[in-house]
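Notes for the one structure printed next.
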Amino acid sequence: MIKEEYHFNYEVYDSIDDLTEDDKWLLDEAREVTQHAYAPYSRFQVGAVAKLVNGEIIAGSNQENASFPAGLCAERVVLASVSSLYPKVPIETMAISYFNNNGESNHPISPCGICRQALQEFTEKTKTPIRLILGGMHGKVYIIPAASMLLPLSFTSKDLQ
Ligand code: THU
């Protein structure tokens with residue numbers, strides 16, 4: 001038997017003010033787009049904004065449904081839009097923010113399990129890592145160099161061959 005280890009490094013900033021101008025702008029857009037969420041059930045509004053390598057900006061927010069499993073996370077709304085509007089164009093960076101009507105919005109949230117899987121598929125399709133900027137309405141900000149780092153030992157198309 002051998003033991004394997006998995007580590008990843010990410011950056012922690014005290015506030016949005018410590019980011020570069022480009023990153024600050026993208027996270028601010030994600031904060032704004034939380035207002036477009038349709039989240040009457042959870043009252044947890046998520047915004048995600050992708051900057052593509054061709055410079056285009058694509059925004060999305062969570063869209064819930066009375067049939068709860070039919071709801072969509074902000075991240076997957078963005079991935080589907082990017083794939084539909086700009087097929088095969090890689091995402092350089094995605095910023096994710098949220099507005100929690102039930103409490104504070106003061107720490108970064110990271111993508112749910114299904115979104116990690118969807119981010120992984122997109123990464124493989126475009127052969128390009130997706131950098132993530134995670135932050136609430138205020139408080140610390142995390143920058144994760146590649147979304148794939150959040151899903152070690154992932155199940156991928158290669159496993160189906
Ligand atoms: N949600 C997202 O949109 N992205 C995440 O990363 C976490 C959760 C949404 C799903 C649901 O509409 C609400 O937030 C509460 O889970």
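The values are calculated or read from the model by the stated rules, or taken from the named source; none is laboratory data. These figures come from a predicted structure and were not determined experimentally. Cβ sites come from the backbone with ideal geometry, for glycine too, and all protein chains shown count toward neighbours. For accessibility, only protein heavy atoms count, side chains too; no ligands or nucleic acids. Shrake-Rupley method; radii C 1.70, N 1.55, O 1.52, S 1.80 Å.
Scan the stretch 107-131 for residues that are open to solvent by less than 30 Å² (accessible area, probe 1.4 Å) and assigned to a loop (DSSP other than H, G, I, E, B) and the total you get is 3. Based on what the data block shows, is K88 more than 8 Å from the ligand (Cβ to nearest atom) and modelled with pLDDT under 95? Judged against the criteria, K88 is a match. Checked against (1) open to solvent by 20 Å² or more (accessible area, probe 1.4 Å); (2) part of a loop (DSSP other than H, G, I, E, B); (3) within 13 Å of the ligand (Cβ to nearest atom); (4) touching a residue at least 24 places away in the same chain (Cβ under 8 Å), G103 passes all but a single condition, namely (4).
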